[in-house]
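Here is the structure we will look at.
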Amino acid sequence: NPYAGLVNHLRTAWLSGKTRPMEYRVAQLEAVGRFLDEKKEDILEATALDMGKPSFEAYFTEILLCKNELNNTLNNLSHWMKDENVDKNLVTQLDSAFIRKDPYGVVLIIAPWNYPIHLFLVPLIGAIAAGNCVVVKPSETAKSTERLVAEMLSCYLDNVRSSPCPCPWPWPRAVVFPTLPCTHQHHTIPGFRCCCTSFRHAQPVSTCPPARDAVGTCDVHSVARRVAWGLFFNAGQTCIAPDYVLCSLEMQEKLMPALREAITEFFGSNPQESPDFGRIVGDKQFRRIRALLCSGRVAIGGQTDEKERYIAPTVLADVLPSDPAMQEEIFGPILPIVVVANMDEAIDFINARPQPLVIYAFSCDSKVVNQVLERTSSGGFCGNDTLMHVTLTSLPFGGIGNSGLGKYHSKFTFDTFTHHRGCLHRNMGLEALNTLRYPPYSQQKLGLLTATCEIKRKGMCTLL
């Protein structure tokens, strides 16, 4: 294993206790901030080279949101690290019971290509804040950004602590680590399906795969603009982009011209010439997405240019659940619309499939939005907008079931990379109190022990 030496080196550093003091963690986090500030233009250039990402989108997602995570972590780290005192029973009143926030040790972060800075820096910030040593695997698909991370990040961080893997692995489709004993593995890879039993060192795994729904009725022009922005941001290469719309036939007929108007407003009459519309990251991804255009009928867009890896903002109408576009995460600028009869049918449609990463519900009636929230299950939920829930560091981000395990963002990232260690520190005196639990046993001892340890439901009384 060419990486065994790297992992052992980091494990030795972690066992030395070097990464545990808050001062060390803060220094490393501040170094991440300097990386973002000083390499801002390099990041914008690299993401533009990799996928034609507009600088507005790149700055917002790859820099601003990362700095928000970083500053929120620095603002709260001392509080997060503190031991958490817990309730005690009568027997342990003179003792200390608390939860200690321990780092796992050496952790592995495997980054995707669609947000190649954000989706490794956000978990990296939490992993460092938790006191871990980190192995970072940038995505080899975003070659310019991978090179930037590999060559420049190590100039800011302690190399003993955070080390980008030196060579590109064939990721993400078929991966097994037979001998890489990282304590925690965090995957933020679009479309990645992960099972803990795939790893010899089976550990908790956080993943971020796909599938979203937009449902309901509302002001059609507002819906169209918010859905179009969420879908065509980063040319649809976002794990929380709307994957399909469920609506009535009447709403489809109203929504179509509103979507066409929104696309023209955002990108002009020829989106291929717009500086605000990105490109597909690679030839393989381009061909896969283009093949999905056969679903339903192309109502808007549909133009492609393989040389530029350009796929126009596209809306597919009259799509059937059996069509190819509904069988996988699209991860591109294509929006299928599936017609349903009513809200109940839409909810049944969602619930008949694996739980999505997020559900978007649109309606001017808050009761309708709440109905979708209460009757469905998903990793996250956003009413009357798309993507915006991910901008809040106060909300956890992650999936459920097939759409992902675990959660992160701010303290949730810190907790993901932290072992919550239950601790009880007892007083060595008052040994006579402990005789209640020692043999020889008796009913009297059991009654006294029950009286001192039992938790009773509040508001209930016993009739004597």
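The values are calculated or read from the model by the stated rules, or taken from the named source; none is laboratory data. Given the structure is predicted, the values throughout are model-derived calculations rather than measurements. Here the Cβ is made from the backbone with ideal geometry for all residues, glycine too, and neighbour counts use every protein chain on show. To get the accessible areas, we keep the full protein, side chains included, count just its heavy atoms, and leave off ligands, DNA and RNA. Shrake-Rupley method; radii C 1.70, N 1.55, O 1.52, S 1.80 Å.
Quick check, is Ala361 crowded, with 20+ Cβ neighbours inside 10 Å, of a type in the set (Gly, Ala, Ser) and within 24 Å of Met251 (Cα to Cα)?
So Ala361 passes the test.
Within region 343-358, the set of residues being open to solvent by 10 Å² or more (accessible area, probe 1.4 Å) and not in a helix (DSSP H, G or I) comprises Ala352, Arg353, Pro354, Gln355. Of the residues Glu374, Glu308, the single one that is outside the structural domain of Ala48 (by the TED database), closer than 30 Å to Pro271 by Cα and modelled with pLDDT of 95 or more is Glu308. Among residues of region 310-327 that are more than 20 Å from Glu253 (Cα to Cα), those with a Cβ under 6 angstrom from a residue that is among the basic types (Lys, Arg), sequence gap 6+ or separate chain, pair up as Tyr310/Arg279.
The strands (runs of 3 or more DSSP E) falling completely within region 54-164 that include 3 or more residues that are open to solvent by less than 30 Å² (accessible area, probe 1.4 Å) and among the hydrophobic types (A, V, I, L, M, F, W, C) map to 106-110, 133-137.
Out of Pro324, Pro354, one residue alone is over 17 Å from Val227 (Cβ atoms) and at pLDDT 95 or above. It is Pro324. Within region 268-284, residues that are open to solvent by less than 20 Å² (accessible area, probe 1.4 Å) sit with their Cβ atoms under 7 Å from residues that are of a type in the set (Phe, Trp, Tyr) and not in a loop (DSSP other than H, G, I, E, B), at 6+ positions apart or across chains, in these pairs: Ser274/Phe267; Phe277/Phe232; Phe277/Phe267; Ile280/Phe286.
In this entry, Val340 is excluded by the filter for residues that are under 23 Å from the mean Cα position of the chain (by Cα) and either polar (S, T, N, Q) or open to solvent by less than 20 Å² (accessible area, probe 1.4 Å) (or both).
Of the residues examined, Phe266 is not one that is touching a Lys or Arg at 6+ places or on another chain (Cβ under 6 Å), part of a helix (DSSP H, G or I) and at pLDDT 95 or above.
Look at Gly399 and say whether it is open to solvent by 20 Å² or more (accessible area, probe 1.4 Å), touching a residue at least 24 places away in the same chain (Cβ under 8 Å) and either in the same structural domain as Pro356 (by the TED database) or touching a His at 6+ places or on another chain (Cβ under 7 Å) (or both).
no
Is it the case that Ala291 is outside any loop (DSSP other than H, G, I, E, B), open to solvent by 10 Å² or more (accessible area, probe 1.4 Å), out of contact with any strand residue (DSSP E or B) (no Cβ under 9 Å at 6 or more places or on another chain) and of a type in the set (A, V, I, L, M, F, W, C)? Yes: the conditions hold for Ala291.
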